[in-house]
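**Q** Below is a structure I'd like to ask you about.
The numbers here are math on the coordinates, done by the rules we state, and not lab data. Just so it is clear, the model here is predicted, and its values are computed rather than measured. Note that each Cβ is placed from the backbone with ideal geometry, even for glycine, and that neighbours are counted across all protein chains shown.
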Amino acid sequence: MAKHQFSPLKDIFDEMIREMKIGDKMLELNIKKIWFEQMQGIIAKNTKNIFFRENNLYITIESSVLKQELFMAREKICQIINEKLGKNVIKEVVIR
């Protein structure tokens, strides 16, 4: 009688994500979700674009005053998002 080997569902999904090469896009979607959950109100409303590339998080803000405030808080933003992700993914936050 043949024995079947069962893999945890997480391993199967991780393998599918690797094969389909969509891991970075899923990570970017998670980062966007965290951004809008954590930066509610005026900051979220003034956020024009967010994208993640090569361990850098690029955030485009419409308001120059908010841009300056967020520029000063880049390390804190990086820390908050990495903490919410549960891993150290973002190395630098670039405010545009």
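**Q** Residue under question is PHE71, and the condition is that it be in contact with a Phe, Trp or Tyr (Cβ under 8 Å, 6 or more places away or on another chain) and surrounded by 11 or more Cβ atoms within 10 Å (Cβ to Cβ); does it hold?
**A** On the way: in contact with a Phe, Trp or Tyr (Cβ under 8 Å, 6 or more places away or on another chain): no; surrounded by 11 or more Cβ atoms within 10 Å (Cβ to Cβ): yes.
No.
**Q** Any idea which residue in the range 54-68 is surrounded by the fewest Cβ atoms within 10 Å (Cβ to Cβ), counting only those that are in contact (Cβ under 8 Å) with a residue 24 or more places away in the chain and farther than 17 Å from PHE36 by Cα? Even if it seems obvious, please write down each step before you answer.
**A** Going residue by residue through the range 54-68, those that are in contact (Cβ under 8 Å) with a residue 24 or more places away in the chain are 55-61, 66-67.
Keeping just the survivors that are farther than 17 Å from PHE36 by Cα gives 55-56.
Values: ASN55: 10, ASN56: 13.
Taking the candidates together, the pick is ASN55.
**Q** Another question, then. Might you let me know whether the range 13-20 holds any residue that is in contact with a helix residue (DSSP H, G or I) (Cβ under 9 Å, 6 or more places away or on another chain) and among the aromatic types (Phe, Trp, Tyr)? Reasoning before the result, please.
**A** So the first thing to find is which residues in the range 13-20 are in contact with a helix residue (DSSP H, G or I) (Cβ under 9 Å, 6 or more places away or on another chain), and the list is 14, 17.
Add one more test, that the residue is among the aromatic types (Phe, Trp, Tyr), and what stays is none.
Within the range 13-20, none of the residues are in contact with a helix residue (DSSP H, G or I) (Cβ under 9 Å, 6 or more places away or on another chain) and among the aromatic types (Phe, Trp, Tyr).
**Q** Something else about it: List the number of the failed condition for GLY86; all other conditions in (1) at negative phi; (2) surrounded by fewer than 11 Cβ atoms within 10 Å (Cβ to Cβ); (3) small (Gly, Ala, Ser) hold.
**A** (1)
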